[in-house]
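Worksheet for the structure shown next.
Throughout, read-outs are computed from the coordinates displayed, never taken from laboratory work. These numbers come from a predicted model, not from an experiment. Because the Cβ atoms are built from the backbone with ideal geometry, glycine has one as well, and the counts that use them run over all protein chains shown.
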Ligand SMILES: [Zn+2]
Ligand SMILES: [Zn+2]
Ligand SMILES: [Zn+2]
């Protein structure tokens, strides 16, 4: 059986569901790039969207949350950081 | 990560007129900065206040250190040039100091926000700070004498202007005004420094 490709729609582009120019509050890199410790955008360098409205690379935020003095607070508004399940 | 963030911040700050930044020994973790007070209504107008900043490897998760090269006569500045200002303290340090966690360091802070806080600290001293008790007393009781000392500091600071460096003059380029800081902004009871050098002698070279 032969398959003839009649049309092709590229679906290889993806984006986080955040405004385009929004940057991570910790590393200041835009969300369509990875955190400074990662190389490839995508699942390995996920984005955490906080209930307080502030978003961070997961890696950036975890480094802060694992710092004892952070007390689990959002770096921007200093409310307890809880992320929205997506 | 720290290197990349610091390099970006360094480049951004090089565009600003109110601050002069250079790296010490080409080390991105050590900066020589000079705060240039462009606001003509400031008592510190025209000053060129040199300082050194050191950044931890874990920046921005930990705050930088800041130290004036020539200590200023100021209630919130220790005699070694270090500052009593909560933005340079990690939340959770010295619980009892009366500083609110909300004014402490966080990884969302930047060198720029630190330096702007320091500039606004100059004119908005917290007289109850323990960093220089004598200066606090003088500011309250002999404001004219205090102003005279500040003027001396400003004049002395100008010796640090590098040859060939053109001081900016336009007041429009002054940093944006910070919103009002409430009283808890400053650290209030860092007791260990109380009483140290209480004779009030300070020399300005
Ligand atoms: Zn990030
Ligand atoms: Zn990452
Ligand atoms: Zn937040």
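Shape class of the range B:46-95 from the alpha-carbon gyration tensor: oblate, with a/c at 1.5 or above and b/c at least as large as a/b. With the cut-off at 1.5 for a/c, could you classify the range B:2-160 from its C-alpha gyration tensor as rounded, prolate or oblate? It comes out oblate by the Cα gyration axes.
Here r is the Cβ-Cβ distance between residue B:148 and residue B:123 and R0 is 22 Å; the resulting FRET efficiency, rounded to 0.05, is 0.85.
Neighbour counting of Cβ atoms within 10 Å sorts the residues A:34, A:67, fewest neighbours leading, into A:67, A:34. Within the range B:118-133, name every residue whose backbone N is under 17 Å away from a label modeled 7 Å from Cα of residue B:140 along the Cβ vector. Residues passing the 17 Å test: B:124-133.
Each of B:49, B:29, A:56, A:81 has some number of other Cβ atoms within 10 Å of its Cβ, and from fewest to most they run B:29, A:81, B:49, A:56.
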